[in-house]
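Here is the structure we will look at, set down as structure tokens.
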């Protein structure tokens, strides 16, 4: 009997790991949809119901809500890094930069939680950007655009978080408030200010 128990153990363990992975994915998928629509204030209990799991399952995978938010931010910034790599393949670095900024702005405008996190949880977003290598990729793209003579020389990658945070604030929907500014319009105004030759130097 002992050999049979020993042989069965890896299969049981493998099934448990597969179930755990599926549950984690279900939690992330549900959280992504709910938070994108309703923002950071969505309760963990609501996420658990949407995922079809117990609250305990959520906390086993993500001991705190911030752990869950970090996992979602990591996904988003990994996507931004992929887009930055694609932009670096564009022979026109300025055009690649514009397309990258547009894609990042579009995703941020469509994801209320990400928009709020850029404003309220900059450390969390900074960690996600660092893990994805986004700053290095974007910095290289900016330097190429400068070398082409297309971008103002005093703009740096360190200015990007402020731009994205400002865009998130200006374009985020708010209750009992006028319609937010179009993110496309807001972004084009910003990009126009980055085009060389520059006007007065940045402070």
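Every number here is computed from the coordinates shown, using simple stated rules; none is lab data. On a predicted model such as this, the values are computed, not experimentally measured, just so you know. Every residue, glycine among them, receives a Cβ derived from its backbone with ideal geometry; neighbour counts consider all protein chains shown.
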| remark: Expected unfolding gain across residue 67-residue 119 under the 0.36 nm per residue rule, minus the alpha-carbon gap, is 17.0 nm
| Using a simple spin-label model with points 7 Å from Cα along the Cα→Cβ vector, what separation in nm is obtained for residue 189 and residue 37? | 3.1 nm
| request: Measure nothing but the geometry: give the 0 to 90° angle between the long axis through the Cα atoms of 2-38 and the longest principal axis through the Cα atoms of the chain, rounded to 10°. | output: 40 degrees
| remark: In this structure, the FRET efficiency calculated for residue 127 and residue 29 from their beta-carbon separation, with R0 = 25 Å, to the nearest 0.05, is 0.70
| query | When the chain is treated as a GNM, springs tying every alpha-carbon pair under 10 Å, which of 102, 17, 76 comes out with the largest mean-square fluctuation? | reply | 17
| Folded to 0 to 90 degrees: helix 122-132 orientation relative to the chain principal axis, Cα | 80 degrees
| query | What does the highest-first list of 104-117, 48-61 look like by mean Cβ count within 10 Å? | reply | 104-117, 48-61
| Convex hull per residue volume in Å³, alpha carbons only, for the range 52-120 | 99 Å³
| remark: Between the modelled labels at residue 147 and residue 75 (7 Å from Cα along Cα→Cβ) the distance in nm is 3.6 nm
| message | If R₀ is 30 angstrom, what is the calculated FRET efficiency for the pair residue 156 and residue 110, using the beta carbon separation as r and rounding to 0.05? | response | 0.65
| remark: Per the Cα gyration tensor, the chain corresponds to an equivalent ellipsoid with semi-axes, largest first in Å, of 40, 22, 12
| query | What is the helix-to-structure angle for 160-171, meaning the angle in degrees between its Cα long axis and the longest Cα principal axis of the chain, kept from 0 to 90 and rounded to the nearest 10? | reply | 80 degrees
| task | Would you mind getting me the FRET efficiency between residue 21 and residue 169? Use the beta-carbon distance for r and R0 = 45 Å, nearest 0.05. | result | 0.80
